[in-house]
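Novice: Before anything else, here's the structure in question.
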Amino acid sequence: MGADAHNPGHMSPDAFRREGHRLIDWIADYWESLEERPVVGDTKPGDVLKALPTSAPESPGGEREWDDIVRDLDAVIAPNLTHWQSPRFFAYFPCNGSGPGVLGELVSAGLGVNGMLWSTSPAATELETRMLDWCADLHALPEAFKSTGAGGGVIQGTASEAAVCALVAARKRAGGDPRTLAVACSEQAHSSIAKAAMVAGLADGPEDATHIRLVRTGPEGAMDPVHLREQLRTIDGVRPAMVVGTLGTTSTGAFDRIDDIPRAIADAGLDRERVWVHIDAAWAGSAFVCPEHRGPMAGIEHADSVCINPHKWGLVTFDCDLFWVRDRRALTDALSITPEYLRNEATDAGAVIDYRDWQVPLGRRMRALKLWFVLRHYGAQGLRAHIRRGVELAAAFESWVRADERFEVPVDRSLGLVCFRLRAGDDASERLLRELNRRGRVLVSHTRVPVGEGRAETYLIRFAVGATLTERRHVVEAWDEIRAAADAVLG
Ligand SMILES: Cc1ncc(COP(=O)(O)O)c(C=O)c1O
């Protein structure tokens, strides 16, 4: 057998350079094309599957394949996406991407290091530690959350993973059988909190009210402190191990009052040392770079952990959740395990951070690079400008909605999020959303939440400003579209 019998056909450096340049061009062209593309195509289930071969290629396409790959990106992939980077994407919370963020992803992939241990790539760990300390300062977190004290931060993929890690640490600290422990959070908390309770073995399912204590919200959307205290009771031997405060709820951007949490824990007669306080600021937390948006952080010094997703509003390309703990030992005590094959001198000496002890998976890529690139490119000023622009545009949009008597804004705007509806009611508002999204020029999403003093469950259309490329003209265009869709719905 010849020496090349098992040549897999790796890409040559020259071909990588050529195709890499071509794909960077492709991405830049794609971003430019977003002005014109509908935000959502009219893909039917199975359309993409039909366009793809049913089995993997047997013979290598090699360097000749790349023309076809790029053609398929244009023909099969791009037309069948929801364009999250579109400047007319106002649904859910936009997931920011940015040039510096994408380049950080690219370099991370190119380096291809696994930073599971400090020793498996020291720069991966130390860059991440420094970035999390920078971000703690930028977002005005207490010093206690920095690695220079007993705390520190880590990049998780998502806020959901952060919630799992917080709960696992809380469970360990509380002690006892997981089935004797509960989580308390707002009825408006993100579903990832209930999911964390399921993953961590506390709850049977999302409806398990013994182990997932949902707290009613008041007119402002914050947890009602009286009901919070009630929900912290020990019921049938089950006691809360973690209370989650949400800063910026997913539905309406409401803020829990953090100060109410330690008070309720004390009033319920629980040992504060055995109840973990986690603050989920996945979306709104990015706004804390602006001093004028830090009001809801009052009481943050009571938190044991905090998470913020720069991949939502902080210009860092998905995925990037920043997760800080006040006591890193509490986290690593819950998640550390060292099989022989991972032992090394630096770890044994206790001289380093091994981030595999701060997360569920072992392996981890170098996500800190994209954070570093974004922070250096934009600086704090650029990040503040991005947030302020989003808030200003949302405020303008809100004023236009309020001025049109067919519409109402039943809950106050929160930062870049406006929740509105047709006065004609839930059905009409639902039809408006469908009509809008069918037209395809803008994308919005919806929620159903208790509203006002009566807390009647109400259908709301959510308009979230914050996509990287959104400018005033896109918001103006969106409002024109919404009015035209309302004309069609109301006749
Ligand atoms: C307040 C809040 N927490 C958690 C999440 C979940 O985020 P992730 O996708 O990072 O798990 C979201 C998502 O929108 C959110 O709004």
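Novice: Report the charge-dipole magnitude of region 106-374 in Debye, nearest 20, computed about the Cα centre from +1 at each Lys and Arg Cβ and -1 at each Asp and Glu Cβ.
Specialist: Result for region 106-374 is approximately 220 debye, rounded to the nearest 20.
Novice: What list do you get for Phe407, Phe373 if you sort them by fewest beta carbons within 10 Å?
Specialist: Lowest count first: Phe407, Phe373.
Novice: Under a point-charge model restricted to the Cβ atoms of Lys and Arg (+1) and Asp and Glu (-1), what is the dipole moment magnitude of the chain relative to its Cα centre, in debye to the nearest 20?
Specialist: Its charge dipole is roughly 620 debye.
Novice: Take the alpha-carbon positions of region 13-83, form their convex hull, and give its projected area averaged over all directions (one quarter of the hull surface) in nm².
Specialist: Mean orientational projected area (region 13-83, Cα hull): 5.7 nm².
Novice: Between Arg274 and Lys44, what is 0.36 nm times their sequence separation minus the Cα-Cα distance? Round to one decimal in nm.
Specialist: Length difference between fully extended and current span is 77.8 nm.
Novice: Can you find, among Pro361, Tyr30, Gln188, the residue sitting farthest towards the positive end of the charge dipole of the chain, where Lys and Arg contribute +1 and Asp and Glu -1 at Cβ?
Specialist: Gln188
Novice: If you don't mind, there's one more thing I want to ask. Each label point is 7 Å from the Cα along the Cα-to-Cβ direction; what then is the distance between the points at Asp204 and Asp259, in nm?
Specialist: Placing both labels 7 Å beyond Cα along the Cβ direction yields 4.0 nm.
Novice: Given the options Ala5, Ala282, Leu106, identify the residue whose Cα lies farthest towards the positive end of the charge dipole of the chain (+1 on Cβ of Lys, Arg; -1 on Cβ of Asp, Glu).
Specialist: It is Ala282.
Novice: Treating cross-link reach as a plain straight distance, find the lysines whose alpha-carbon is under 26 Å from the alpha-carbon of Lys195, omitting any fewer than eight places away in the same chain.
Specialist: Cross-link targets: Lys172, Lys312.
Novice: Exposure proxy check: Leu375, Leu331, Leu232 ranked by fewest other beta carbons within 10 Å?
Specialist: Ascending Cβ contact count within 10 Å gives the list Leu375, Leu232, Leu331.
Novice: Nearest 5 percent is fine: what portion of the DSSP beta bridges confined to the chain is antiparallel?
Specialist: 60 percent
Novice: Continuing with the same structure: Sort Leu433, Leu362 so the one with the fewest other Cβ atoms within 10 Å of its own Cβ comes first.
Specialist: Leu362, Leu433
Novice: Still on this structure, please answer the following. How big is the chain along each principal axis, measuring the range of its Cα positions in Å and listing the largest first?
Specialist: Largest to smallest, the principal-axis extents are 77, 72, 44 Å.
Novice: Magnitude of the Cβ-charge dipole of region 13-83, K/R +1 and D/E -1, about the Cα centre, nearest 20 debye?
Specialist: 180 debye
Novice: With each pseudo-label sitting 7 Å past Cα toward Cβ, what's the Ser119-Ser12 distance in nm, one decimal?
Specialist: It is 4.0 nm.
Novice: Note the direction-averaged projected area, equal to a quarter of the hull surface, for the Cα convex hull of region 190-251, in nm².
Specialist: Over every viewing direction, the Cα hull of region 190-251 projects on average to 4.4 nm².
Novice: If you consider only alpha-carbon coordinates, what radius of gyration and Dmax does region 96-174 have, in Å?
Specialist: Values for region 96-174 (Cα only, Rg and Dmax): 14.5, 44 Å.
Novice: Under 14 Å from a point 7 Å along the Cα-to-Cβ line of Glu453: which residues of region 184-223 have their amide N that close?
Specialist: Zone members listed by number: 219-220.
Novice: Taking 0.36 nm per intervening residue step and subtracting the Cα-Cα distance, what contour gain separates Ala351 from Asp25 on full extension?
Specialist: 113.0 nm
Novice: Related question: Please report, in cubic angstrom per residue, the volume enclosed by the convex hull of the alpha-carbon atoms of region 49-134.
Specialist: Per residue, the Cα convex hull of region 49-134 comes to 203 Å³.
Novice: Using θ = phi - 60° and the Karplus curve 6.51 cos²θ - 1.76 cosθ + 1.60, what whole-Hz ³J(HN,Hα) does each residue of region 125-142 get, with Gly and Pro shown as x?
Specialist: Those phi angles translate into 5, 6, 4, 5, 4, 5, 4, 5, 5, 4, 5, 4, 5, 4, 9, 6, 6, x Hz.
No lab work stands behind these numbers, since they all come straight from the coordinates. As the structure is a computational prediction, the values presented were derived from the model and not from experiment. Note that we place each Cβ from the backbone using ideal geometry, even for glycine, and neighbour counts take in every protein chain shown.
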